[in-house]
Structures are given as structure tokens and as C-alpha cells.
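The values are calculated or read from the model by the stated rules, or taken from the named source; none is laboratory data. What you see is a predicted model; the values in this text were computed from it and never measured. Note: ideal-geometry Cβ built from the backbone for every residue, glycine included; neighbour counts use all protein chains shown.
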Amino acid sequence: VTALYDYEATTDEEFDFQKGDIIAVTAVSEDGWWSGELMDNNRRVSGRHIFPSNFVSSANLDGGQMWTAALHDYKATIDAEFDFQKGDIIAVTAMPYDGWWSGELLGENRRVAGKHIFPSNFVTRIP
């Protein structure tokens, strides 16, 4: 997502960012406080991962890439699918009409090569 405004952290879990910064979202929460990390390695602070979702926008990121948040846990049932957990962020790469979309988990540590299919009814679009 892209920061719309500057933000100064008020707790030890939050991180500062500036308008225009890119933040990789790792989890969303209904309370409006998301988890993620600043993509600027020089300014990223270990252990600080919370930020206010109303200070960012996913519009026009990666040329219009659509991002979704998992509404429920999902356990893959075939080889091409991947497991995910409620709150995970998934970048959508294709949306066939059958309801089984293609994409990848944002968290590289859990991403598995060759596994890209997931059920669209388990996610919601991140505005």
C-alpha cells in the first residue's frame, strides 16, 4: 500500500512513515490497525509492525494490482492451491469466473512456488 499522509508512531509496536512510502501489508484487522513493514530498509525498525489503515491507499499500486485480505483460514485441497490464515494478504494475479483465483501470499516466508490458486469467497478486496 502507499502512504497518503505522514504518520508518527505513538506506541512501541507502531512505525513512522511519510507520505508516498510503500508499506508491505502482512495482516489486516477489522479495528483498522494493520500489520506490515516499511519497504525502505534504511528506515525499517525491527519489532515495529503496526500502522493505521486509514493513512494508506492500495490504489494504483503495481499498476493497479488488486490486494485481498483473507476472511477465514483455508487449507489447500489440491497441489496448485496454497494454505492461508485469516488476515493474510494475497496479491491477485487472475480472476477466472469459476471463483478460484490466482495469486500469491504477500509474506514470502510462507509463499510456496507453484502454488497459486485460492477460493475467492474466502477473501475480501482491500480498498
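Scanning the stretch 51-78 for residues that are at pLDDT 90 or above and in a loop (DSSP other than H, G, I, E, B) yields L71, H72, D73, K75, A76, T77, I78.
Just a yes or no: is a residue in the stretch 95-112 among the β-branched types (V, I, T) and outside any loop (DSSP other than H, G, I, E, B)? No, the stretch 95-112 contains no residue that is among the β-branched types (V, I, T) and outside any loop (DSSP other than H, G, I, E, B).
Checking each residue in the stretch 31-49 for being in a loop (DSSP other than H, G, I, E, B), surrounded by 13 or more Cβ atoms within 10 Å (Cβ to Cβ) and in contact with a Ser or Thr (Cβ under 8 Å, 6 or more places away or on another chain) picks out only H49.
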